[in-house]
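Below is one structure, written out as structure tokens, with a few remarks after it.
The values are calculated or read from the model by the stated rules, or taken from the named source; none is laboratory data. Since the structure is predicted, the reported quantities are computational estimates derived from the model, not experimental observations. Cβ placement follows ideal geometry from the backbone for every residue including glycine, while neighbour counts extend to all protein chains displayed.
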Amino acid sequence: MDSQDQKAGEHQQVFRLLNVNGEPHQTGFSVHHSLLEVLREQLNLTGTKHGCELGECGTCTVLIDGQPVLSCLELAAECEGREITTVEGMMNGNDLHPLQEAFADLGAAQCGYCTPGILVTAKALLEENPEPTRDEIVSALAGNLCRCTGYHKILEGIEWAAAKMRGDNDYTPPKEAIYGDPLPGEGGSHA
Amino acid sequence: MHEPLDPSKKQDQRKSPTGRDFNLVGKPFRRVDGRAKVTGQTRFADDLSFPRMVHMKLVRSTVPHARIVDIDLSEAEKMPGVLGFLTGESMPNPFGILPVSQDEHALCVDKVRFVGDPVVAVAALTEEQAYEASLAVKVEYESLETIATVEEAVATPEPRIHDYGDEGNLHKKLSMQFGDTDAGFEEADEIFEDVMYFEGNTHLPMEQHATVALTEEVDRVTVYSSTQTPHYLHRSLTKVLELPASRIRVIACPNGGGFGGKSDPFNHEVCAAKMALKLGRPVKISLSREEVFYCHRGRHPVLMKIRTGVKKDGTLTSQHLQTALDGGAYGSYGVASTYYTGALQTVTYNLPKYRFDSIRAFTNKAPCGPKRGHGTPQPRFAFEVHLDKIAHSLGLDPAEMRMQQLVPADSVTSNWLKVGSMGLGKCIEAVVEGSGWKERHGNLPEGHGLGLACGSYLSGAGLPIYWNHMPQSGVQLQLDRSGGVALFCGETEIGQGSDSVVAAITAEVLGIDLKDIRLCVADTDLTPVDLGSYSSRVTLMAGNAALQAAERARDLVAKGAAKKLEVPANELVFAEGRVFHGENPEVGMTWQEAVIEAESRFGTLGTTGSYIPPRSPGRYRGAGVGPSPAYSYSAAVVETRVDPETGVYRVEHVWMAHDVGQCINPAMVMGQIEGSVYMGLGEAMMEEQVYRRLPKKRSNALVHKHPSMLEYKSPTFADMPGVTSYIIEDPDPNGPFGAKEVGQGPLLPMMPAVANSIFDAVGVRVDQVPIAPHMIRQAIEARDKGKEARFGPKKFPEVDFGTPLRVPTPEEGGDGKAINIEEAGVREGTGTMTERKDAVKGGE
Ligand code: FES
Ligand code: FES
């Protein structure tokens, strides 16, 4: 146990140096607090959302050492010395990350509540696998629920961002994703 | 000028199908809130915090129906950090979304009516302390008999769950007859009858409801909340807190999904405001997921009996629909939901005679209310499956049969709904062509099938929830020498893109960049009233208000610029940030220069716009539910593979066509179509809000079977089939630039299309949703034993609907009024949600 740890009220308080989005934060909190609570309530990084706080929805996903983790199930006390990335850490200066760019342009974020968790999960995927297949994207995101989009635009957004990140600037998202499919009379059947 | 979809690529500049050349409308653009939503900057209600903020929890009933004998706070008071409590008697005024169902209390008084009904509010320094104190509150209950289903409610008039309602435990009972339905049945060659069931399900927004309230004065409170209807919350707070409306400010934060689930004023919102007034400190409450399941207000479980007379060629001659809604413990929107289970049956196919009977029962379960499609998906499911059976039995093609029966554009239906633009034919053609329906339907190998279904939805309800003569939407614009335009509107962004719609309509008219518009929305202190983000009303209603305000602003600026440019004001064009002469574009100035001219001439610049829907022709009691300025239409074909051995099935592809009138932004329209397909699939295949009784010795409670996201099954990334979406644009004269709704309509055909595809695949019927594999298996087994090849409900409860309210149809020469008000025992007036006379008197 950390020597700085102490009792406060009923809950034991701990102090940890957390590395979030490349910045050190000296933070004190109750020993049982989740990383989700510490990020949102101590560090005021409210970009990370919650939908259940029980590990069921994926909304609270952040990256720890580059891997997607459900922050509602992660004890903050165990995160010292690890690299934590949240949606707030995705931008490069004032520029959006290609994933953020693609999501904003396609409308892959509707209410935007599931978006932070999905963005960081996709970021981890693309860093490991720059050219994922549809199936690989689907399985990487199978634990993230979204109630608004029907998922298609998210998949198209990730594919578009992947292309941009590979430097493939000729890639365009499918036109149907934006305009709908050409009416059968105009552009043939899709059967 | 607006954000191009991909800065590195030239997008094609598609013209609108009407041939009009828009600046922005009809072209894809990045949502005005797009950047905030991908960077985590959007502030949802639970993201807010204020100095000295404290936390609140609600103690909720653990029993489904009981008298409150005693509330013991003594233990809880001693808990660390506890600051205060509220109980029912501190807020005696009832509230509710509809004036006719003011049956809720912020905290229960005397009685609890479902597991989850709030009894005590506790505030403490931290959320954890509030939670722990809430566990220490002891409530003693005296159990009452519980009612779990519509059948039980019909059979158990006493004891009553509420002391109001049409009779016993029936909250609402109604019967309406449009035209001589008996004569219609006599004209028929065949009469078909089905009984169907639609299970309840819930919205499951990813964001759990949250509210923060703070005070500025002894008698002034501000409430931030995840609400779709800040205006109605404002009204309820006024009533319960007994403060003037001008001293209460409601700010709706962007909602992390709503789908109808955040459209009621909620206990936790009222309690947070009361607690803030009591403590003089900001108070936050954030609901747990389990609480969200118990707040519910989701899809009503509905049992339906549908009987239709048909000629051999498929012409419908008469229909009698009966619906029974399981309403849960409170009124909510239920009276409107009840009417909605019948109202929109007539707007797709000609139904010359139509009778509709319905009951809504109170049960001791979480209250049902409006979910995407509000009351209409259930009867739409019944109708579309019923039609599929009729077509099959008459040897007609289901698509062709529907095409023959379409309601004509610009007509009035038998129940007096005025239909304007009507693109259903084009929708059916698109999905039939696209899916290869003609060759493939009925011809695919065993286990593989196609199903077709259609639907229609409102672009906003014709009448407000409470009677008044004021606008349903308002927009105010403020322009100044900066060239910036501030747009004030009461609309609420729930993810559907309403901020972008009002901004785009304004930018279109003024010919300016979206980035030069600043939005201030959903703030009852600052923005003109908008009734809320429900019934798909915002694009049409707030959009029309924005259009009017923007046109007025354009006229003002044109006058200023015209003088300087020495050209007639009406020949000026507003585009690309410039104001110029249409015939000689060199003669012009920048938008900002033009505003400066106008401000110099007229002083401080501002305009307003309002929207009130046109009056609907129906004049009978009940005619208030169903009218809309414009109806959207959709058609779907679903392709499914079923394993007949196990009943396990998979939807492989969906073709969805939706008549949106005119896209404001096609990328956003696509998002709504795909989101509706997704949610419809969830309802068809897996989603259900169901309850079980605990053993009698353990309180006989009716508890939610699975108030968790893991067990309340909803489709994941892996469950989504391919979707081919066709946007049909049949502009409606009542819509801004012709736009109609898209947020709800495309959900409606999904459930019946899935059921119909299963029939095409394996030749058995499942007449209820969600459709589980075991139901398909049982239907197959029944068929193999020579029984009816069907799984589904068998009978509709015995209810005496009395004499229906008779309303002659337009065809019969009616005038929109009922002819037997006395005999039917129905009060006069068109309002179902309120009586006009009461309203004029000022009563609620
Ligand atoms: S909040 Fe749902 S998984 Fe963490
Ligand atoms: S965008 Fe709303 S939940 Fe995904």
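Looking at B:THR317, B:THR308, which is the one that is in a strand (DSSP E or B), modelled with pLDDT of 95 or more and buried (at least 24 other Cβ atoms within 10 Å of the Cβ)?
Numbers: B:THR317 fails: buried (at least 24 other Cβ atoms within 10 Å of the Cβ).
That would be B:THR308, the only listed residue that is in a strand (DSSP E or B), modelled with pLDDT of 95 or more and buried (at least 24 other Cβ atoms within 10 Å of the Cβ).
Tell me yes or no: at least one residue of the range B:337-357 is within 14 Å of chain A (Cβ to nearest Cβ), buried (at least 24 other Cβ atoms within 10 Å of the Cβ) and in contact (Cβ under 8 Å) with a residue 12 or more places away in the chain.
The initial filter retains those residues of the range B:337-357 that are within 14 Å of chain A (Cβ to nearest Cβ), namely none.
Taking every residue of the range B:337-357 in turn, none turns out to be within 14 Å of chain A (Cβ to nearest Cβ), buried (at least 24 other Cβ atoms within 10 Å of the Cβ) and in contact (Cβ under 8 Å) with a residue 12 or more places away in the chain.
Please work out if A:LEU141 is within 16 Å of ligand 1 (Cβ to nearest atom) and not basic (Lys, Arg). Write out each step before concluding.
Working: within 16 Å of ligand 1 (Cβ to nearest atom): yes; not basic (Lys, Arg): yes.
Against the criterion (within 16 Å of ligand 1 (Cβ to nearest atom) and not basic (Lys, Arg)), A:LEU141 qualifies.
If I ask for residues that are facing chain B (nearest Cβ under 7 Å) and not small (Gly, Ala, Ser), which ones from the range A:95-114 would you list?
First pass over the range A:95-114, keeping only residues facing chain B (nearest Cβ under 7 Å): A:96, A:100, A:103-107, A:109-114.
Once the filter is applied, which keeps residues that are facing chain B (nearest Cβ under 7 Å) and not small (Gly, Ala, Ser), the range A:95-114 yields A:LEU96, A:GLN100, A:PHE103, A:ASP105, A:LEU106, A:GLN110, A:CYS111, A:TYR113, A:CYS114.
Based on this model, can you work out whether B:ASP732 counts as of a type in the set (Asp, Glu) and in a loop (DSSP other than H, G, I, E, B)? Explain how you work it out, then say what you get.
Values: of a type in the set (Asp, Glu): yes; in a loop (DSSP other than H, G, I, E, B): yes.
Against the criterion (of a type in the set (Asp, Glu) and in a loop (DSSP other than H, G, I, E, B)), B:ASP732 qualifies.
Do you know which residues across the range A:19-38 are part of a helix (DSSP H, G or I) and within 11 Å of chain B (Cβ to nearest Cβ)? Reasoning before the result, please.
Initial filter on the range A:19-38 (part of a helix (DSSP H, G or I)): A:35-38.
Within the range A:19-38, just A:GLU37 meets the criteria.
Given the criteria surrounded by 24 or more Cβ atoms within 10 Å (Cβ to Cβ), more than 7 Å from chain B (Cβ to nearest Cβ) and in contact with a Gly (Cβ under 7 Å, 6 or more places away or on another chain), does A:GLY117 qualify?
Values: surrounded by 24 or more Cβ atoms within 10 Å (Cβ to Cβ): yes; more than 7 Å from chain B (Cβ to nearest Cβ): yes; in contact with a Gly (Cβ under 7 Å, 6 or more places away or on another chain): yes.
Against the criterion (surrounded by 24 or more Cβ atoms within 10 Å (Cβ to Cβ), more than 7 Å from chain B (Cβ to nearest Cβ) and in contact with a Gly (Cβ under 7 Å, 6 or more places away or on another chain)), A:GLY117 qualifies.
Do you know which of the residues in the range B:758-806 that are of a type outside the set (A, V, I, L, M), within 14 Å of B:TYR197 (Cβ to Cβ) and part of a loop (DSSP other than H, G, I, E, B) is nearest to the chain's Cα centre (by Cα)?
Taking the range B:758-806 as the starting set, the residues that turn out to be of a type outside the set (A, V, I, L, M) are B:759-760, B:763, B:765, B:767-768, B:770, B:773-774, B:777-778, B:781, B:783-788, B:790-798, B:800-804, B:806.
Filter once more, keeping what is within 14 Å of B:TYR197 (Cβ to Cβ): B:765, B:767-768, B:770, B:790-797.
Adding the requirement that they be part of a loop (DSSP other than H, G, I, E, B) leaves B:767, B:770, B:792-797.
Details: B:ASP767: 24, B:PRO770: 20, B:GLY792: 27, B:PRO793: 27, B:LYS794: 30, B:LYS795: 29, B:PHE796: 27, B:PRO797: 28 Å.
The residue in question is B:PRO770.
Looking at (1) more than 8 Å from chain B (Cβ to nearest Cβ); (2) touching a Gly at 6+ places or on another chain (Cβ under 8 Å); (3) within 16 Å of ligand 2 (Cβ to nearest atom), which is the only condition A:ILE158 fails?
Every condition holds for A:ILE158 apart from (2).
For the range A:101-115, what are the residues that are without any contact (Cβ under 8 Å) to a residue 60 or more places away in the chain and either within 16 Å of ligand 1 (Cβ to nearest atom) or within 14 Å of the chain's Cα centre (by Cα) (or both)?
A:PHE103, A:ALA108, A:ALA109, A:CYS111, A:GLY112, A:THR115
Could you tell me whether any residue of the range B:710-730 is surrounded by fewer than 24 Cβ atoms within 10 Å (Cβ to Cβ) and away from chain A (no Cβ under 14 Å)?
no
Among the strands (runs of 3 or more DSSP E) contained in the range B:607-724, which hold 3 or more residues that are within 25 Å of A:PRO174 (Cα to Cα)?
Once the strands (runs of 3 or more DSSP E) in the range B:607-724 are filtered for at least 3 residues that are within 25 Å of A:PRO174 (Cα to Cα), what remains is B:631-642, B:649-659.
What number of residues within the range B:76-101 satisfy the criterion of being within 20 Å of B:HIS171 (Cα to Cα) and in contact with an Asp or Glu (Cβ under 7 Å, 6 or more places away or on another chain)?
Taking the range B:76-101 and keeping what is within 20 Å of B:HIS171 (Cα to Cα), we get B:94-101.
Narrowing further to those that are in contact with an Asp or Glu (Cβ under 7 Å, 6 or more places away or on another chain): B:94-97, B:99.
Count: 5.
If you scan the range A:70-87, which residues turn out to be surrounded by fewer than 20 Cβ atoms within 10 Å (Cβ to Cβ) and either more than 14 Å from chain B (Cβ to nearest Cβ) or touching a residue at least 60 places away in the same chain (Cβ under 8 Å) (or both)? Explain how you work it out, then say what you get.
If we filter the range A:70-87 for residues that are surrounded by fewer than 20 Cβ atoms within 10 Å (Cβ to Cβ), which is where we start, we get A:73, A:75, A:78, A:80-83.
A:LEU75, A:GLU78, A:GLU80, A:GLY81, A:ARG82, A:GLU83, listed by residue number.
Which condition from (1) under 20 Å from B:PRO254 (Cα atoms); (2) part of a helix (DSSP H, G or I); (3) more than 14 Å from chain A (Cβ to nearest Cβ); (4) of a type in the set (A, V, I, L, M, F, W, C) is the one that B:ILE596 breaks?
(1)
Only one of (1) surrounded by 20 or more Cβ atoms within 10 Å (Cβ to Cβ); (2) not in a helix (DSSP H, G or I) fails for B:ALA546. Which number is that?
Result: B:ALA546 fails condition (2) only.
Show the residue pairs that are 6+ apart or on different chains and have beta-carbon atoms under 8 Å apart, the first residue being within the range B:233-250 and modelled with pLDDT of 95 or more, the second being of a type in the set (Lys, Arg) and part of a helix (DSSP H, G or I).
B:VAL240/B:LYS274; B:LEU241/B:LYS274; B:ALA245/B:ARG235
How many residues are more than 16 Å from B:LEU424 (Cβ to Cβ) and under 17 Å from the mean Cα position of the chain (by Cα) if we restrict to the range B:722-746?
Going through the range B:722-746 one residue at a time, the tally reaches 1.
How many residues are acidic (Asp, Glu) and over 16 Å from the mean Cα position of the chain (by Cα) when one looks only at the range A:38-53?
In the first step, residues of the range A:38-53 are kept if they are acidic (Asp, Glu); the result is A:41, A:53.
So of that shortlist, the ones also over 16 Å from the mean Cα position of the chain (by Cα) come out as A:41.
Looking only at that region, the number is 1.
Out of (1) within 19 Å of B:SER286 (Cβ to Cβ); (2) of a type in the set (Gly, Ala, Ser); (3) touching an Asp or Glu at 6+ places or on another chain (Cβ under 8 Å), the odd one out for A:GLY58 is which?
(3)
Condition first: within 16 Å of ligand 1 (Cβ to nearest atom) and assigned to a loop (DSSP other than H, G, I, E, B). Can you find one or more residues in the range B:198-205 that meet it? Break it down into steps so the answer makes sense when it comes.
Narrowing the range B:198-205 to residues within 16 Å of ligand 1 (Cβ to nearest atom): B:204-205.
Cutting the leftovers down to assigned to a loop (DSSP other than H, G, I, E, B) gives us B:204-205.
Checked against the condition, which is being within 16 Å of ligand 1 (Cβ to nearest atom) and assigned to a loop (DSSP other than H, G, I, E, B), the range B:198-205 yields at least one hit.
Take the residues of the range B:29-43 that are part of a loop (DSSP other than H, G, I, E, B) and more than 14 Å from ligand 2 (Cβ to nearest atom): which is farthest from B:ASP513 (Cα to Cα)?
In the first step, residues of the range B:29-43 are kept if they are part of a loop (DSSP other than H, G, I, E, B); the result is B:29-33, B:40-43.
Among the residues that remain, those that are also more than 14 Å from ligand 2 (Cβ to nearest atom) are: B:29-30, B:32, B:41, B:43.
Details: B:PHE29: 11, B:ARG30: 12, B:VAL32: 11, B:GLN41: 22, B:ARG43: 24 Å.
It comes out as B:ARG43.
Suppose we filter B:GLN476, B:GLN496 for residues that are at pLDDT 95 or above, surrounded by fewer than 24 Cβ atoms within 10 Å (Cβ to Cβ) and not hydrophobic (A, V, I, L, M, F, W, C); which single one remains?
Working: B:GLN496 fails: surrounded by fewer than 24 Cβ atoms within 10 Å (Cβ to Cβ).
Sole residue among the options that is at pLDDT 95 or above, surrounded by fewer than 24 Cβ atoms within 10 Å (Cβ to Cβ) and not hydrophobic (A, V, I, L, M, F, W, C): B:GLN476.
Restricting attention to the range A:126-144, report how many residues are more than 14 Å from chain B (Cβ to nearest Cβ) and under 19 Å from B:SER714 (Cα atoms). Steps first, please.
First, the residues of the range A:126-144 that are more than 14 Å from chain B (Cβ to nearest Cβ): A:126-131.
Restricting the remaining residues to those that are under 19 Å from B:SER714 (Cα atoms) gives none.
Residues flagged as more than 14 Å from chain B (Cβ to nearest Cβ) and under 19 Å from B:SER714 (Cα atoms) within the range A:126-144 amount to 0.
Which residues, taken from the range B:206-241, are away from chain A (no Cβ under 14 Å) and assigned to a strand (DSSP E or B)? If you could, list the steps in order and put the result at the bottom.
As a first pass, look at the range B:206-241 and keep what is away from chain A (no Cβ under 14 Å): B:211, B:213-223, B:225, B:229-241.
Result: B:THR211, B:ALA213, B:LEU214, B:THR215, B:GLU216, B:GLU217, B:ARG220, B:VAL221, B:THR222, B:VAL223, B:SER225.
Given the conditions (1) under 20 Å from A:LEU125 (Cα atoms); (2) more than 14 Å from ligand 1 (Cβ to nearest atom); (3) within 9 Å of another protein chain (Cβ to nearest Cβ), and given that A:ASN92 satisfies all but one, which numbered condition is not satisfied?
Here A:ASN92 clears every test but (3).
Which of the residues belonging to the range A:54-69 are over 10 Å from the mean Cα position of the chain (by Cα) and more than 7 Å from every other protein chain (Cβ to nearest Cβ)?
A:GLY55, A:ILE64, A:ASP65, A:GLY66, A:GLN67
Being among the acidic types (Asp, Glu) and on the phi < 0 side of the Ramachandran plot is the filter here; which residues of the range B:373-418 pass it?
Result: B:GLU384, B:ASP388, B:ASP397, B:GLU400.
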